[in-house]
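See below for the structure under consideration.
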Amino acid sequence: MTRRLGRRVRGGSEDGECLGEGRGSTSKPFVPQKNRRLIEDCKTMRESLFRGMEKMMMERREFVGGMIGAGVALATERWSDAAREVLRPGLELYSVRNEMDRDVPGALAMVRRMGFAEVEVAMLHGLSANQFAAALKAAGLKATSMAAGYEDLQTRLDLVKERAEAFSVQWVMLGWIPHSGEFTREDAKRVAREMNEWSESLRGKGLRLAYHPHGYEFRPQAGETAFDVLLKESNSKTVFFEIDTFWAEVAGQNCAQLIARLGGRVRLLHLKDLRKGAKTGVFTGSAADEDSVAVGDGVIDWQAVLAAARKARVERYFIEDESPAVEKQIPRSLEFLARM
């Protein structure tokens, strides 16, 4: 049998595609000497072609593998960049309250030199909201959250809205609930109802309300704590929390577990470490300024805290440092967080 274009000599091998037609019909065809040389040349060419194809396929596999590896590396790098993006914290300006009392523009310039672009406003230091907002703009800083006093929220909510508008913030933070003696569950029920009302009114202006616990809410009581009541009685869709890692630890809470428990209701986080050896299980909302140490120098498990915060999709992070050595400690906190 003979075939043209891909033909083979009868009795020959399947891979002899360069072979000429068979001559005659005998079982041992006659092959001239010059054709034998042609056959050998074709075999050599075939082997060379196969080796070339094999090499090309190996190189292709290596290329594809390299591209896949590069894609994985790029995806990993982008994920890492996204994680690092979360850890570009702002500064709670209470950290530089003493410096601000002396020189607002100078203190804000120092904050900018430290590398911050975002801040949470704590006090006005004798300025109007518009004047303070202008000072922030001149320093290259942007406020995304501001503190509001309980009395202002209770009796001058329109003023709170005006200040928030002047700063162009998204968050209004309540950081202290006045109380005489222990903060009780009855206190918590009353304030939860008030926060529900305030948050609805603020939402009409595009603002959101967050409550910042200071530890007195976690005092053990028979049954529920006052914090449990605040959490349960406040509207989960309009009232949120700003957890301060320092004050949670002072009150004997595990920060990571607390964040995990609150989940999506934790929208802001104060990053502040507690000195090793400092007393915990304290429910007064007060501590020595020296107990506030640079992030990473204290007792808090930051890997666990930040993992829980990422899972809860915390929106805003603010370093807060209440120590007398803020100019030394804040840069150390930034360096530590940059490595996380």
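Read the figures in this text as sums done on the coordinates, not as results from a lab. Treat the numbers as computed from the prediction; the structure is a model and nothing was measured. Neighbour counts are summed over all protein chains in view; Cβ atoms, including those assigned to glycine, are modelled from backbone coordinates with ideal geometry.
Distance between the pseudo-spin-label points of L157 and A134 (7 Å out from Cα toward the beta carbon): 3.1 nm. Taking other C-beta atoms within 10 angstrom as a stand-in for reagent exposure, K328, K161 fall in the order K328, K161, fewest first. Taking Cβ atoms as reference points and 11 Å as the exclusive limit, the residues near G140 contribute a net charge of +3, counting Lys and Arg as +1 and Asp and Glu as -1.
Provide V293, V169 in ascending order of the number of other Cβ atoms located within 10 Å of each residue's Cβ, fewest first.
Ranking V293, V169 by Cβ neighbours within 10 Å, fewest first, gives V169, V293.
Backbone geometry of the stretch 318-332 corresponds, through the Karplus equation with coefficients 6.51, -1.76 and 1.60 at θ = phi - 60°, to 3J(HN,Hα) couplings of 10, 6, 10, 9, 9, 6, x, 10, 4, 5, 8, 6, 4, x, 5 Hz, x marking Gly and Pro. Scanning residues 5 or more positions from E118 or on other chains, those with amide H under 5 Å from its amide H are L91, K142, with H placed 1.01 Å from N in the peptide plane. Residue-normalised convex hull volume from the C-alpha trace of the stretch 90-245: 117 Å³ per residue. Would you mind checking K272/K328; K189/K279; K189/K232; K161/K232; K137/K272 for any pair whose Cα atoms are more than 19 angstrom apart? Those over the limit are K189/K279; K161/K232; K137/K272. Radius of gyration (Cα atoms) of the stretch 252-338, expressed as a multiple of 2.2 N^0.38 Å: 1.08. Counting beta carbons within 10 Å around each of R208, R156, R113 and listing the fewest first gives the order R113, R156, R208. Ranked by the mean number of other Cβ atoms within 10 Å per residue, highest first, peptides 221-232, 261-272 order as 261-272, 221-232.
Note on the stretch 197-275 and the stretch 294-340: Cα centroid distance 18 Å, given to the nearest whole angstrom.
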